[in-house]
Each structure stands twice: as C-alpha cells, then as structure tokens.
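Take a look at the structure set out below.
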Amino acid sequence: MSQPTDAQNSRQVKTQPPDTQQIKTLITQLNGRRGFRRQAAREALVEVGSPAVTLLLPVATAKSKRMRWEVTKTLADIADPVATTALVNRLADKISDIRWLAGSGLINIGNSSAPPVLRFIIEHPDSQNIRRAARRVLRELSTYNEELSGILLSVVAALSDAEPPEVLPPKARESLRKVEAFLEREAELLAEQLRQEQLLEEQRLAEQKLAEQELKEQQVLVEHAVILTDQQDWLL
C-alpha cells in the first residue's frame with residue numbers, strides 16, 4: 001500500500017463537470033432502494049471529485065443509515081481534506097461499517113488528518129468506538145513515516161482497550177503538539193522543494209531563450225555571408 005499524500009490525494013474534477021443541480025440529483029440517488037443505482041451515483045460523484053464535497057457534507061449526518069454509509073463512502077473515496085471534520089465526526093457513528101469507512105477516508109487524506117483525530121479523542125476519551133476507530137487511523141498513518149510513527153507510538157498504545165480513559169488526553173495532547181510541529185516542517189520542506197523546482201524551471205527557460213537567441217544570430221550571420229558571396233560572384 002503506497003503512502004497517502006494530503007491534498008494531492010484529492011481526485012481532480014474532469015472537464016465539463018456536472019452542474020450543481022446534477023450533483024444534487026446524484027446525491028439524492030445515494031438513498032435509492034436499488035443498490036446498483038446507488039453505486040452508479042456514488043461512482044459518478046467520485047468522478048466529479050472535490051466540487052461534490054461541499055454538497056455532500058450537509059447530508060453526512062443524515063438520519064438514514066444507508067445515506068450516511070453512502071455519503072461517507074463517497075467522501076472517503078474522494079479524499080478531499082475539506083471533508084476531514086465530517087469524516088472525523090463519523091468515527092463516532094453508531095454503525096461500525098460507517099466508522100470503518102470514515103477511518104479509511106482519513107487514512108486516504110493522509111497525515112493532515114492526524115491532528116483532528118487527536119483532538120477528537122481528547123474530547124471523547126471514554127468512547128471505546130472512537131478509540132478503536134482512531135487507533136486504526138493513527139496506526140495506519142504512522143506506518144508511512146518513521147518520525148510520525150515515533151510521535152504517535154505512545155498515543156496509539158494508550159488507545160488500546162486496556163488503558164483507562166484518563167491516560168489518553170495527556171498523551172494525545174503531547175502527540176498533537178509534536179504532530180503539528182512535524183506537519184509544519186513538512187510544509188516548509190515542500191515549499192522549499194517547489195521553490196527549487198521553480199528556480200530550475202526558470203533557469204531552463206532562460207538557457208533555452210539564450211540558445212534560441214544565439215541560433216538566430218548564427219542564422220543572420222549565415223544569411224549575410226550568403227549575400228556577400230552572391231555580391232562577389234556578381235561583380236566577377
């Protein structure tokens with residue numbers, strides 16, 4: 001399983017995406033009786049990608065178990081960071097399948113989902129369902145980065161059923177502080193990488209422009225030499 005990235009994990013919208021009304025129609029179809037139609041609507045929404053997320057969020061807490069399942073599955077597959085809070089809240093859903101889908105979505109979104117998950121378990125240290133769902137998310141995220149694994153090790157251990165609830169918040173707060181610092185460093189490294197790539201591209205374009213200018217100058221010299229030769233031949 002390859003490492004999930006953050007915003008890069010979000011599906012890109014295709015050309016000429018459905019308009020708002022079409023997206024709303026697809027969302028309504030998620031609660032239909034026929035499974036194949038629900039699946040078709042869900043897959044169409046995933047293809048729409050990020051533009052569908054803001055319209056999906058209001059129905060992520062629908063009373064219908066079927067609707068919550070479909071919406072959570074769709075958001076998990078799109079994996080847009082905008083849906084992070086909604087997916088974190090679904091970790092508390094009374095339906096285990098929905099909690100699992102929400103966790104998968106947070107894993108798909110990547111490392112940026114770790115702080116909201118940590119804050120959620122700080123707020124709900126007594127819920128075994130939340131603890132188990134959060135443990136899976138943090139454990140999966142920690143497998144992709146050695147430094148992040150070290151940061152999350154203690155809180156993942158504290159999320160086990162054997163640890164009393166009062167042990168969890170202090171460890172989660174400490175992990176949250178370290179994760180936020182880690183993500184800040186990662187963002188700085190990415191920004192520097194992008195800056196270096198931009199500088200290299202600018203250098204490449206400058207060298208290309210210089211080479212084109214030199215080629216034009218050589219062509220002018222050749223043309224002048226040809227004209228001069230023709231004049232000399234005519235005089236002779």
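Here, each number is a calculation from the coordinates, and none is a lab measurement. Bear in mind the structure is a predicted one, so any value in this text is a computation, not a measurement. A quick note on method: Cβ atoms are made from the backbone with ideal geometry, for glycine too, and the neighbour counts reach across all protein chains shown.
Just want the ordering: 229, 72, 143, from fewest to most Cβ atoms lying within 10 Å of their own Cβ.
Fewest to most other Cβ atoms nearby, the residues stand as 229, 143, 72.
Within a 10 angstrom radius of the beta carbon, how do 160, 50 rank from fewest other beta carbons to most?
The most exposed by this proxy come first: 160, 50.
For volume of the Cα convex hull per residue in Å³, several values are listed as [x] 143; [y] 179; [z] 250; flag the one computed from this structure.
Correct label is [y].
Choose one answer from 180, 202, 147: the residue with the largest mean-square fluctuation in a GNM of the chain with alpha-carbon springs under 10 Å.
202
Show me 207-219, 124-136, 83-95 ranked by packing, highest mean number of other Cβ atoms within 10 Å first.
Details: 207-219: 10.0, 124-136: 18.4, 83-95: 20.4.
Packing proxy ranking, top to bottom: 83-95, 124-136, 207-219.
Return 69, 100 ranked ascending by Cβ neighbour count within 10 Å, so the fewest neighbours appear first.
Neighbour counts put them in this order, fewest first: 100, 69.
Just subtract the alpha-carbon distance of residue 163 and residue 180 from 0.36 nm times their residue separation and send over the number in nm, one decimal.
3.7 nm
Rounded to the nearest 500, what is the 222 nm mean residue ellipticity of the chain from helices alone, with -39500 (n - 2.57) per DSSP H run of 4+ residues and division by all residues?
Only helices count here, giving -24500 deg cm²/dmol.
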